[in-house]
Amino acid sequence: MLELRNLQIRHKNSDSLFAPLNLSIPAGQVAVVMGPSGVGKSTLLDAIGGHLAAGFQTKGDVLLQGRSLLPLTAQARRIGLIFQDPVLFPHLNVGQNLAFGLPRDIKGRSKRRATVHKALSDAGLADMGDRDPATLSGGQMARAALMRGLLARPQALLLDEPFSKLDTALRAEIREFTFAHIRQAGIPGLLVTHDPQDAEAAGGPMLTLSPA
Amino acid sequence: MTPDPADRWLARLVLVAVLTLILLPIVAGFWQTARAAFGVVPALSAADIGLAAWHQLAATPGLPRAIFLSLWTGAATTFLSLLLSAGCCVWLHRGRSKGLALRMLTPVLAAPHAALAIGLAFLIAPSGWIARAVAPFAGWIQPPDIISVNDPWGLALIIGMAAKEFPFLLLMMLAALNQIPLAQTLRTGRMLGVPDARIWLVLIGPQIWPLIRLPLLVVLAYSLSVVDVAMILGPTNPPTLAVMLTRLYGDADLLLLLPASAGSLLQLGLVMVSGLLVFSMQYLMRVYGPAWIASGACLPGLGLVLRLAAIAGAVMLALTGAALIVLLVWSVTWRWQFPDLLPESLSIRFWMRAGPTVGGPLVTTFLLAFFSTAAALITAIGWLEAEDRRASPRAPWAEALIYLPLLLPQIGFLYGLNIAALSAGLPQGIGMVAWGHTIFVFPYIMIALSDPWRALDPRLIRAAAALGAGPWRILWSVKLPVLLVPILTAAAIGVAVSVAQYLPTLFLGAGRINTLTTEAVTLSSGSDRRVTGVVTSLQALLPILTYALAFAIPAIVFRHRRAARS
C-alpha cells in the first residue's frame, strides 16, 4: 500500500504546486494522476521517488506499507521509476541493463544470469541479452526498461507518461504488458498520464491535479 | 532527504585537495617572490629590507623597451587572436563543415607552444621553407638578408602566439554559441533586415562575451608573460620582460634573483593592469554600447573585416600545419641545401642517434604528464561529483579559483614557489615538478570536463538510483563509463598541457629535470636543425598521439554500443 497524506510540494520562494493530496494505492493496483501540463505531475513523482531537485520542499507524508519515505534517500526507498523514454544505460548491453538493479541476495553468476534470462523471455526479448540497447525497436526498449525496473524488486512503481511516445498499436500492447506485470509483482503503481485511455485501462483510483 | 555525512566528507576532501594542490603553491610562491623583491632571501643571507632590488631592476639595460615589448606583443596577440577566432566563428557557422574544422583544430590545440614556434621559425627564417619556395622567383641563391625570426618588433612572436591561441579562443566561442539562443537571434535579426555582420557584432557578441571573457583574459595573461615562445621567436636584445627575468633568474650570480623577483611583481602588475583595461573597455561598452546600437550607426566594412579575418585564420592554420610538417621533414633530412625546396637526401640516422639523448627526457616528459594529469583528473572528478551531491550551482569564487592559475603570470610565482619548497624542506625533483605541472593542468581539465559532466542525462542517474544504486555505484558504473569520451578528451588535454610546460620544469626542477620541451627550447637557439627536428617532432607527436588515443579508446571499448560512443 502506497499512501500520500496531505502531500504538498513547493519551491523555495513560491506557493504550493497543487492542493494537498490524499491517495491510497493498494498492492497490485495502478492509480492514475492526470492534470494539465506544468501542474507538477513529474515533480510529484520526484517527491515520492526521492529525486526532488534542490530547492523543493515537501509537506505532509508519503507512506509505503505504513513506513514514511520522506527521510530516506532515493535508493533506500526502493521505488521503481519508468520514464517516457526508456533511458537504458547506453554503455551496457540489454542483459547488463536488466542485471543492473538485481538485488544482491540473488547470488552466483549463473543464478543472476538465469533471472535476467527469464525476465528477457517474459518480455519477448529472449535472444537479445547481448544486444546494444540502441539497436532495439521502441517497443522492445519499453519492455526492457520495465523489466529492468521490476527486477530490482521495487516496493512500488512510478510511471511517468511511459506510453505517450509509442504509436497507437504499440501503446495498447505495452500498457497491457506493464499493468499485467505490476499486478503479478503485487506492488502499488502510480501512473502519470494525459491519455484518458490509459486511465481507463489502469482501473485503479484516479486523481486530477489542479493548481493550488 | 538529509545530506549524507559521506557527501560532506567528499566535498571537504576535494576542497582541501584543491587548496593544497593549487592555491597553496600560488600563495606561497607569490609570498616568497614578494619577500625577495624587497630584499629578504634567508637562504642567500639577504635580509636588508628595502628597495635595492627595485633600483637594480630599474638599472637593468633595456628594461623600458622590454616592458614595452611585453605589452605590445601581449596586446597584439590577444587582439589578433580575438579577431581571427571571431572571423572563423562567423564563417564556420555559415558552412556545414563545423565538425571537420574542429578536427583540423585538434593537432594545433594538442601541439605544444614550443614545437609550433620552432616549426614556424623553420618556415619563416631567411633559410626557411617559405624563402625556399620564393627563391626561384626572387632569384635567391643565398638566404636573403632579412630578419624574420627574432625581429625587434616581435612580429614573429605575435604570429607564433596567435597561431596557437586563436584556435583555443575559437573553440571556446563555439562552445559558448551552444549556450545562447543563436538560431533565434539570427532569425530575429535577419527578419528586421540587419546585415549578418552587424547581427554578430551587436546581438550575438554581447551574449557570448560573458562566456568567453575568462578565456580571453587567459590568452591575455599568457601572451603578456610567455617565456618559451618568446625565447624562440621573440626579440633578443632586449627581449620581452618575461624572458629578461628568466635570464636573470638563471644567472650564475644568485643575488640577481632579487631584481628578478622585483621584475616578477612588475610582470604581475602588467598583467593586472591589462586585465583591468579589458574590464574598463567592457564597462564603456556597457554604458555607451546600447545607445550606439540604437543610433543605428554602423562600422563600415565590418563584414569585409570578418571575412578577411576568417581567411587569415585559415592561412594561420595552414601555416601551423606546415610548421608541424617541416619539423618532421627536418628530422629525417640528411642533406638540404638552401634554395632546394625539398631535402637532397633523407636519413633516419638522427632518429637512431637520438636514443641516448632523447630517451631520458622522453621518459621524464611521460612521467610528468601521467602524474600531473592523473592528480588533476581525480581532483576534477571529485570536485564535479561533490557539486552533484550538493546539487547547487558553482559559486563564482569557485569558478575564479579554477581559472586563477591561468590568469596569473607563471614567472610571477614559480621561482618563489621553488624558494618556498626549498625552505619547507621539500625534496627538489620530479615530484615537485609534477606538482607544478598539476597547477596548470587542473584548470584546463576542469574547463574541458565541466560542461559535458553537467550535460549528462539526469534521468540516467535517476533510473540508476531507482534501481537501488547508491551514489558511489552511480558514479562508478554509470557516470564514469557514460562520460568516457569527455573524460579521455580532458585527459588528453591534460597531457598536452603538461608536455608543453616550460617554466615550471625549469624553475621547480632547478635545471636538473629535462623534458622534451626544455630540450627543444635549448636546441632552438642555433643547434643542428636535424637534431632539433627530431626532439621537437617527438615533443609535438606525444600529445597528438594522446589525442588520437582518446578518440580511439571509446571507439574500441564501445564498438558494440552505438549510443555510448558519441
Among the residues of the range A:179-194, are any under 24 Å from A:GLN29 (Cβ atoms), in the same structural domain as A:ALA31 (by TED's automatic domain parsing) and at pLDDT below 90? yes
Kindly establish whether B:LEU224 is touching a residue at least 60 places away in the same chain (Cβ under 8 Å) and either touching a strand residue (DSSP E or B) at 6+ places or on another chain (Cβ under 8 Å) or part of a helix (DSSP H, G or I) (or both). yes
Enumerate the pairs (first residue in the range A:81-94 and facing chain B (nearest Cβ under 8 Å) and more than 9 Å from A:ALA145 (Cα to Cα); second residue anywhere and in a loop (DSSP other than H, G, I, E, B) and at pLDDT 90 or above) with beta-carbon separation below 6 Å, excluding pairs fewer than 6 apart on the same chain, so at least 6 apart or on different chains. A:ASN93/A:ASP130
Picking from A:ALA74, A:ALA99, the residue that is of a type outside the set (Asp, Glu) and either without any contact (Cβ under 8 Å) to a residue 40 or more places away in the chain or away from chain B (no Cβ under 13 Å) (or both) would be A:ALA74
Within the range B:348-360, is there a residue that is of a type in the set (Phe, Trp, Tyr) and either closer than 30 Å to B:PHE168 by Cα or without any contact (Cβ under 8 Å) to a residue 24 or more places away in the chain (or both)? no
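So that you can scan it fast, the table gives a plain yes or no per residue for (1) surrounded by fewer than 23 Cβ atoms within 10 Å (Cβ to Cβ); (2) at pLDDT below 90; (3) farther than 30 Å from A:GLN96 by Cα:
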residue	(1), (2), (3)
B:PRO504	no, no, yes
B:SER525	yes, yes, yes
B:VAL535	no, no, yes
B:LEU545	yes, no, yes
B:ALA548	yes, no, no
B:PRO554	yes, no, no
B:SER566	yes, yes, no
State yes or no: is B:LEU10 over 28 Å from B:SER223 (Cα atoms), surrounded by 19 or more Cβ atoms within 10 Å (Cβ to Cβ), among the aliphatic types (A, V, I, L, M) and touching a helix residue (DSSP H, G or I) at 6+ places or on another chain (Cβ under 8 Å)? yes
Taking strands (runs of 3 or more DSSP E) that fall entirely within the range A:1-69, which contain at least 3 residues that are charged (D, E, K, R)? A:2-11
Specify the residue that is modelled with the lowest pLDDT; the eligible residues are those in the range B:328-373 that are polar (S, T, N, Q) and closer than 26 Å to B:THR546 by Cβ. B:THR357
Verdict on A:LEU63 being of a type in the set (A, V, I, L, M, F, W, C) and within 13 Å of chain B (Cβ to nearest Cβ): no
Can you work out which of the residues in the range A:102-117 that are in a helix (DSSP H, G or I) and more than 21 Å from the chain's Cα centre (by Cα) is nearest to B:ALA466 (Cα to Cα)? A:ARG112
Does B:ALA465 fit the bill of being among the aliphatic types (A, V, I, L, M), part of a helix (DSSP H, G or I), more than 24 Å from B:GLY429 (Cα to Cα) and within 17 Å of the chain's Cα centre (by Cα)? no
Of B:ARG462, B:ARG454, the only residue that is of a type outside the set (A, V, I, L, M, F, W, C), within 14 Å of chain A (Cβ to nearest Cβ) and surrounded by fewer than 18 Cβ atoms within 10 Å (Cβ to Cβ) is B:ARG454
Residue within the range B:391-405 that is more than 11 Å from every other protein chain (Cβ to nearest Cβ), closer than 30 Å to B:PRO42 by Cα and in contact (Cβ under 8 Å) with a residue 24 or more places away in the chain present: yes
What number of residues within the range B:449-472 are among the acidic types (Asp, Glu) and touching a residue at least 60 places away in the same chain (Cβ under 8 Å)? 1
If you go through the range B:386-396 one residue at a time, do you hit one that is in a helix (DSSP H, G or I), more than 21 Å from the chain's Cα centre (by Cα) and under 29 Å from B:ASN514 (Cβ atoms)? no
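To keep it simple, each residue is scored yes or no on (1) under 24 Å from B:TRP397 (Cβ atoms); (2) within 14 Å of chain A (Cβ to nearest Cβ); (3) not in a helix (DSSP H, G or I).
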{"position": "B:TRP9", "(1), (2), (3)": "yes, no, no"}
{"position": "B:LEU24", "(1), (2), (3)": "yes, no, no"}
{"position": "B:GLY29", "(1), (2), (3)": "yes, no, no"}
{"position": "B:THR60", "(1), (2), (3)": "no, no, yes"}
{"position": "B:ALA76", "(1), (2), (3)": "no, no, no"}
{"position": "B:PHE79", "(1), (2), (3)": "no, no, no"}
{"position": "B:LEU84", "(1), (2), (3)": "no, no, no"}
Single condition B:ALA448 does not satisfy, out of (1) surrounded by fewer than 24 Cβ atoms within 10 Å (Cβ to Cβ); (2) within 14 Å of chain A (Cβ to nearest Cβ): (2)
For the range B:330-343, check the following and say yes or no: at least one residue is assigned to a helix (DSSP H, G or I) and either of a type in the set (A, V, I, L, M, F, W, C) or in contact with a Cys (Cβ under 8 Å, 6 or more places away or on another chain) (or both). yes
Name the residues in the range B:427-442 that are closer than 26 Å to B:ARG247 by Cβ and of a type in the set (A, V, I, L, M), would you? B:ILE430, B:MET432, B:VAL433, B:ALA434, B:ILE439
Which is loosely packed, with under 14 Cβ neighbours inside 10 Å and modelled with pLDDT of 90 or more, of A:ARG67, A:ARG131? A:ARG67
Would it be correct to say that B:LEU414 is away from every other protein chain (no Cβ under 14 Å), surrounded by 15 or more Cβ atoms within 10 Å (Cβ to Cβ), more than 24 Å from the chain's Cα centre (by Cα) and in a helix (DSSP H, G or I)? no
How many of the residues in the range B:543-564 are within 14 Å of another protein chain (Cβ to nearest Cβ) and either in contact with a strand residue (DSSP E or B) (Cβ under 8 Å, 6 or more places away or on another chain) or not aromatic (Phe, Trp, Tyr) (or both)? 11
Filter the range B:291-326 down to the residues that are touching a residue at least 12 places away in the same chain (Cβ under 8 Å) and either touching a His at 6+ places or on another chain (Cβ under 8 Å) or not in a helix (DSSP H, G or I) (or both) and list them by number. B:CYS298, B:LEU299
If we scan the range B:300-319, do we find a residue that is surrounded by 12 or more Cβ atoms within 10 Å (Cβ to Cβ) and in contact with a Ser or Thr (Cβ under 9 Å, 6 or more places away or on another chain)? yes
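The values are calculated or read from the model by the stated rules, or taken from the named source; none is laboratory data. Quick caveat, the model's predicted, so the values are computed rather than measured. Heads up, the Cβs are rebuilt from the backbone with ideal geometry, glycines too, and the neighbour counts pull from every protein chain shown.
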